[in-house]
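In what follows, a structure is listed as structure tokens, so that the remarks can point back to it.
The values are calculated or read from the model by the stated rules, or taken from the named source; none is laboratory data. The model shown is predicted, which means the values in this text are computed figures rather than measured ones. Cβ placement follows ideal geometry from the backbone for every residue including glycine, while neighbour counts extend to all protein chains displayed. SASA here: full protein model, heavy atoms, side chains in, ligands and nucleic acids out. Shrake-Rupley method; radii C 1.70, N 1.55, O 1.52, S 1.80 Å.
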Amino acid sequence: MVAAMNSLFLFRGPLTIRALAFVKASNSIPIRSLPLFHRPPFSFRRTMSSTSATNDEETSARVAAADADTGGPTIYDKIIAKEIPSTIVYEDDKVLAFRDINPQAPVHVLVIPKSRDGLTQLGKAEKRHGEILGELLYAAKIVAEKEGIVDGFRVVINSGPTACQSVYHLHLHVLGGRQMAWPPG
Ligand code: 5GP
């Protein structure tokens, strides 16, 4: 243990201190609230994921869940209305698919219903939503084809705070372009 500590201090220079400061800052600031160019790369975030990043995600998810079912607009309403820019991959009269602003894989596309109609999360689905749920899944397959990943891709729906849902407008994550691991975190 002492030897390990000594070797840490042997390597300790300005770079090490900056790296440690960065980890500390990342512990206290949710990554999603950082400007894109200040966010650490995915690979680095994955190495931190067992400690700080997971806590950040959980905290953000709890905050988002607090007003999840007020029926208020979400960021996706602005994307649907084209009030804020997004990179659209596929669109029809019921469904919009656009690239995630914080991609977790080379391909990371969100597929959403244009009309939320009570579908703040999958856990709120009713029988009457069957048609749009099918449309969303089919759109995920079209996206996978368009993105050249139809031979292997993953579709994820986070529902509720325990699953770290952060936007309360049902959405499918279509992920691919790299080897996926199982089980998911
Ligand atoms: P959730 O955590 O609710 O399953 O996923 C929400 C997703 O929406 C996240 O992956 C997040 O990166 C994405 N997101 C949040 N805000 C925006 C935005 O303004 N534009 C885009 N393209 N994606 C966003």
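For this structure, a couple of remarks:
- The string of couplings for segment 143-160 from the Karplus curve (6.51, -1.76, 1.60, θ = phi - 60°) is 4, 4, 5, 4, 8, x, 10, 4, 6, x, 8, 10, 10, 10, 10, 8, 10, x Hz, one whole number per residue in order, with x for Gly and Pro.
- Here Lys127 is the anchor, and the aspartates and glutamates within straight C-alpha reach of less than 13 Å, apart from those fewer than 8 places off in the same chain, are Asp117.
- Stokes-Einstein D in µm²/s, Kirkwood radius over Cα pairs - segment 112-185 at 20 °C with 1.002 mPa s viscosity: 161
- Computed from phi, the 3J(HN,Hα) profile of segment 171-178 under the Karplus parametrisation 6.51, -1.76, 1.60 (θ = phi - 60°) reads 8, 9, 8, 9, 10, x, x, 8 Hz, with x in place of Gly and Pro.
- Couplings for segment 111-116, taken from phi via the Karplus curve 6.51 cos²θ - 1.76 cosθ + 1.60 with θ = phi - 60°, read 10, 10, x, 5, 10, 5 Hz in order; Gly and Pro are left as x.
- Amide H contacts of Tyr90 (H built 1.01 Å from N, under 5 Å, at least 5 apart or other chain): Ala97
- Excluding ligands, DNA and RNA, the accessible surface per residue across segment 53-174 is 52 Å² with a 1.4 Å probe.
- Candidates per GluC sites (Glu not before Pro) in segment 55-105, loop by DSSP, up to 16 other Cβ within 10 Å: Glu83
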